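Here the structure comes first, spelled out in structure tokens, and everything after it is commentary.
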Amino acid sequence: MSNPEIHIELEMVNQIKSGNTEAFERLYDNYSKALFGVSSKIVRSDEVAEDVLQEAFVKIWKKIHSYDASKGRLFTWMLNIVRNTAIDKLRKLKSQGKYEIQELKPNVDLGVNNSKININHIGVKDLLAKLSPEQQEMIEYLYFNGYTQQEVSDELNIPLGTVKTRSRAALKELKKIFNLFLFWI
Amino acid sequence: MDIKEYISSGILENYVLGNVSKQEQQEVECMSHIYPEIKSELEQLQSVIESMAIKLEKNPPSHLKSKILTAIKNEKQEALGQKTEAKVVAIDASGNSKLWKYMAAASVVITIGFAYLFYTSNSELKSVKSQLSDMSTEMYENKSNFETELDALSQKVEKKKELLAFLQHSATKKIVLKGTDFQPTSTCIVYFNESTSKVFLDASPQMEKLPQDKQYQLWAIVDGKPVDMGMLTHDKPCEDLCPMPDVSNAQAFAITVEKAGGSPTPSLDKLAVIGNV
């Protein structure tokens, strides 16, 4: 993110901290698409994702004073809130038997079911294909299903060490891919 | 601290994938605060996750925005470490002494009181509810941490109970060892039970700091002869009181400065503190 953008973002956060709902609206406009995408990927239902997003944005509003720009980016902070809310929802629904075990199997596909793909993102799919199926599986289980490494190891019946190596490799590879991608746009 | 080793340990990857315990989370945040290399590595990993999220972009239903904006209008932002103060309603009680006026005034006060109580308890209930749901998420993550901590704590409590029983025992004596000319300001306390022969030493004695090649050694004087009671370590070895070897019929306790590792007999010119039973 370039400096003026950071500056604008900080100002927006400060406005929200002082209770400005218009600034909060701008925050929603800027981030809701990505956050809804992540949420919907985790809970696998647009309807549930809607509830998750609402719950998460209310949390963001209420907890905005605990956001500290020196400790990390706003987007990362919000992503964590959304992911935690979504995983929490997923666990709750799972415990109520509303999700079949089968449905929780990873669909080994990072976002192909996107209804609308932003023009900026054309070509990403090809780049993602560079990730091995095993690595994609790691990201799915760990980030989008909220499994711990131990749980992945039990579920897939592979040693914990392998889970660790694979998830690190997956992130490394993703980093490479995205760096390349960012270079091209 | 080997930063490269820390980075390659995989903990940062786990952190950004949201697979760390509360303790590890704090550790990573603390480390990235101290070491710019860790911070930059972490930021790179976080941008990977962010880029992934951007790639997943999906338009939320159009009615959601106004729904959320309505929802937040009913929610107060949580100020950091601040509590809302209760309003004080002043009542003018001066004037007419006629009974009905008092009653009218009283009923108004009571009505306001109840309304206020109802309002505050209701909004409190709401905030308690949302706090509870936040807490349940946190509890889920913290449960296993707490269990290990609980085990450690109950062990500690057992130890403290034993210690307390020892201190309260009628035959336990508190012996203050006072500084000699060699170390006039030093002092240390020994607890000695004459019937069970148990000895405990104050874990933080006020004694001069020694160089690494020297160590304090505790002695009991039994029938005029010194008996080795062990060494005092440089670091604080135990909480509150340190258990020392048992000894019976001790008439006095003393601490001398010896070479590291201790001596078979005390160097009497290096006598730091001494106290009679």
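The values are calculated or read from the model by the stated rules, or taken from the named source; none is laboratory data. These numbers come from a predicted model, not from an experiment. No Cβ is skipped: glycine too gets one built from the backbone with ideal geometry, and neighbour counts run over all protein chains shown.
Which residues, taken from the range B:225-237, are part of a loop (DSSP other than H, G, I, E, B) and in contact (Cβ under 8 Å) with a residue 24 or more places away in the chain?
B:His234, B:Lys236, B:Pro237
Quick one: would you say A:Asp51 is on the phi < 0 side of the Ramachandran plot and surrounded by fewer than 15 Cβ atoms within 10 Å (Cβ to Cβ)?
Answer is no for this residue.
Please state which of the following conditions B:Ser66 fails to meet, knowing it meets all the rest: (1) small (Gly, Ala, Ser); (2) at pLDDT below 85; (3) in a helix (DSSP H, G or I).
(2)
Looking at the range B:34-47, can you tell me whether even one residue there is away from chain A (no Cβ under 12 Å), touching a residue at least 60 places away in the same chain (Cβ under 8 Å) and either in contact with a helix residue (DSSP H, G or I) (Cβ under 6 Å, 6 or more places away or on another chain) or more than 22 Å from A:Tyr141 (Cβ to Cβ) (or both)?
Taking every residue of the range B:34-47 in turn, none turns out to be away from chain A (no Cβ under 12 Å), touching a residue at least 60 places away in the same chain (Cβ under 8 Å) and either in contact with a helix residue (DSSP H, G or I) (Cβ under 6 Å, 6 or more places away or on another chain) or more than 22 Å from A:Tyr141 (Cβ to Cβ) (or both).
Is it true that some residue in the range A:8-26 is buried (at least 17 other Cβ atoms within 10 Å of the Cβ), more than 7 Å from chain B (Cβ to nearest Cβ) and within 17 Å of A:Ala86 (Cα to Cα)?
No, the conditions are met nowhere in the range A:8-26.
Only one of these conditions is not met by B:Asp213: (1) surrounded by 12 or more Cβ atoms within 10 Å (Cβ to Cβ); (2) out of contact with any Pro (no Cβ under 8 Å at 6 or more places or on another chain); (3) touching a residue at least 24 places away in the same chain (Cβ under 8 Å). Which number is it?
(1)
Yes or no, residue by residue, for (1) exposed (fewer than 12 other Cβ atoms within 10 Å of the Cβ); (2) at pLDDT 90 or above; (3) at negative phi; (4) aliphatic (A, V, I, L, M):
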| residue | (1), (2), (3), (4) |
| --- | --- |
| B:Asp223 | yes, no, no, no |
| B:Asp228 | no, yes, yes, no |
| B:Leu232 | no, no, yes, yes |
| B:Pro266 | no, no, yes, no |
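If a residue has to be over 23 Å from B:Thr137 (Cβ atoms), at pLDDT below 85 and not in a helix (DSSP H, G or I) to count, how many in the range B:1-35 make the cut?
Selection size over the range B:1-35: 4.
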